[in-house]
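The values are calculated or read from the model by the stated rules, or taken from the named source; none is laboratory data. The structure displayed is predicted, hence computed values, not measured ones. Glycine gets a Cβ as well: all are built from the backbone with ideal geometry, and neighbour counts include every protein chain shown. The area values use the complete protein model at the heavy-atom level, side chains included, leaving out ligands, DNA and RNA. Shrake-Rupley method; radii C 1.70, N 1.55, O 1.52, S 1.80 Å.
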Amino acid sequence: MGDRAVVSLHVGHYANHVGAHFWNIQEANFVYEGQSEICHDVLFREGQTLTRQLTFTPRVVNVDLKGALGSLPEFGDLYDDLEVPKSENLLWQGATVVQKEEPLKKNSYQLELDSVDNSIQSRSESEKDRCESGGSQDTSLIYNLDDQIHTWSDYLHGRFHPKSNALLQEYQHKNTLKPFDVFGLGVETWKSDLGEEVEDRIRFFVEDADSVQGFQLLLDDFNGFGGVGSGVIDLLSDEYGNKTALTFPTSPCAYDEYSGILGSTRLLNTLLNLNAQLEGSTLVTPLTLAKDTFVLPGGHRPVPWVQYKPNSMYHSSAILGSALDSMTLPWRMNERRARQTRIYDLANGLNGGGRKLGTANMQFPWILDDDHFLVDALNSDIDFVPLMPGVKNDKINIIAQSVTCRGFKINSLKPTDFNKVQKFASHPFHGCSSLEEALERHFGQRNPRSVNAVHSYDTGVPVSKPFPDFFDPRIGKDSRLVQGSNVAHRKLNSVPSLVTWSSSDGSHDYLESICDRAAKVNLNKLHRFRESGTEDADVEEAVEKVRAQRDNYTGQH
């Protein structure tokens, strides 16, 4: 493993939704025969249960509210189940009463996982590795989980270490009488026992690895978890200041309720959270499908070829989880690849000149017409979906960017007679012999002054169950459009994608929008902020510091 290990942290319920999809994709990426492009040891650790069963679990700490785990036990179900102690073993001499909570009903996908586990239990001891169950599911089954998903654990495929889940016991998931809705509540909670608990769990995973190169933090930025996240970022800055800390603030693109008060509350949480992130993180990259920083009904971005439900966290987080997987691939590849990189290489390439805000854009899935090749698509502008609110989908100045393409092989690049036919002689991609070379030429022409790092990988983004089945039915299994009578509903196993991660002047508009709107918020109307200790001076200071970051992009705007 050397010094390539990365510790992940997911702080907040929506962040855990994105994280669940991210880890499902990692499980689906495992290769059991042959050589994998991905080095899974970067994110996973090897261990043993008390019965010496081999395990391979994510190096992750998940923070959420009490009751947010659904049917998943707080300490996971990979190790021995908790048992009720026998009365003769108790020191208490009085009467004992056992109170047992009824387990939540599992959905069809979870029941399938249980049946797979039971079959593995009947095998020999050498076959009990949990990872093998990833390849033993019946992929022909298609489940409609849209109405069966209540929390992120309902579609989680992998298993977590007992040190992974940390719950805020003082606050209950979906408790409207005592909501965890403002930044200050998170700050207070972090200063209680939660801070020490999370610190202990982080230290466990750090010390368990040979050497850690950095941290990957998914964080809700619209509620009280922003305050918890600020504590996490301060901890990483103080204790692991020489390590790279990549922060991805996440938020839904639609909410169950809208009002001026709720919208202002979410906006102010985002401001306070962003100020803390920019202070202590190496690079901050927002991930959301919301069009604007102040989310209104219908304010979600359309995604070509995807019929997602914006009010479904299960749906929107799947798109963000796939983007995160592609963005982080460059530092998770096997060292045998010529372009294998480190987490700090990418971060330092994007945060030059004090610009600590990254912009993500995606084409997911990247679909070609039946008779087209990649040289056709690259010969025109690509219609990217921005994952930062407030950014327009048009040409913006790119300072530096990392480009990741998944799922296209060399035979998709150009026709076999491309270099021989006279009509292609003047084609701008004539002479390109590889997909990476063609991508470099495309982005070099699109942004001549940008520094581009291009990576391409043969395997597409895994989208088999329990990934939402929300793709356009015209997409064939070869990720090309199927026309006419050939159109039929089918479950795709993987799709190609193209993701850019850049330092661009699009960040200027995002930062300016947050500052201008937050400066107009009347804190006297948001009494919950006052009650949790937030003062006008705190908001004014945050606006001033975020505007200073905005000014780093002014010369590029």
Please state which of the following conditions Thr459 fails to meet, knowing it meets all the rest: (1) surrounded by fewer than 18 Cβ atoms within 10 Å (Cβ to Cβ); (2) touching a Phe, Trp or Tyr at 6+ places or on another chain (Cβ under 6 Å). (2)
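Residues checked against (1) part of a loop (DSSP other than H, G, I, E, B); (2) at positive phi; (3) buried (at least 20 other Cβ atoms within 10 Å of the Cβ):
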residue	(1), (2), (3)
Thr293	yes, no, yes
Pro304	yes, no, no
Ser316	no, no, yes
Gly321	no, no, yes
Pro330	no, no, yes
His372	yes, no, no
Ser380	yes, no, no
Whether any residue in the range 51-70 is modelled with pLDDT under 80, closer than 18 Å to Asn165 by Cβ and open to solvent by less than 100 Å² (accessible area, probe 1.4 Å) is what I want to check. no
Residues in the range 495-518 that are within 22 Å of the chain's Cα centre (by Cα) and free of Cβ contacts under 8 Å to residues at least 60 places away in the same chain total 0
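Got a sec? Which of Asp256, Asp220 is under 19 Å from the mean Cα position of the chain (by Cα) and either among the hydrophobic types (A, V, I, L, M, F, W, C) or under 21 Å from Lys66 (Cβ atoms) (or both)?
Numbers: Asp256 fails: under 19 Å from the mean Cα position of the chain (by Cα).
Step by step, each of Asp256, Asp220 is checked, and only Asp220 is under 19 Å from the mean Cα position of the chain (by Cα) and either among the hydrophobic types (A, V, I, L, M, F, W, C) or under 21 Å from Lys66 (Cβ atoms) (or both).
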Determine whether Asp193 is free of Cβ contacts under 8 Å to residues at least 60 places away in the same chain, surrounded by fewer than 16 Cβ atoms within 10 Å (Cβ to Cβ) and farther than 22 Å from Arg528 by Cβ. yes
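If you check Asn269, Asn223, which single one turns out to be open to solvent by 10 Å² or more (accessible area, probe 1.4 Å) and either touching a residue at least 60 places away in the same chain (Cβ under 8 Å) or closer than 23 Å to Glu512 by Cβ (or both)?
Working: Asn269 fails: open to solvent by 10 Å² or more (accessible area, probe 1.4 Å).
Matching residue, one of Asn269, Asn223: Asn223.
Every residue, every condition in (1) under 11 Å from Leu9 (Cα atoms); (2) in a helix (DSSP H, G or I); (3) out of contact with any Phe, Trp or Tyr (no Cβ under 9 Å at 6 or more places or on another chain), yes or no:
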residue: Asp200; (1), (2), (3): no, yes, yes
residue: Leu217; (1), (2), (3): yes, no, no
residue: Val232; (1), (2), (3): yes, yes, no
residue: Ser237; (1), (2), (3): no, yes, yes
residue: Asp256; (1), (2), (3): no, no, yes
residue: Arg266; (1), (2), (3): no, yes, no
residue: Asn269; (1), (2), (3): no, yes, no
Cβ-Cβ under 9 Å pairs, at least 6 apart or on other chains, the range 519-536 side over 16 Å from Ser259 (Cα atoms), far side among the charged types (D, E, K, R) and assigned to a loop (DSSP other than H, G, I, E, B): Phe529/Glu535
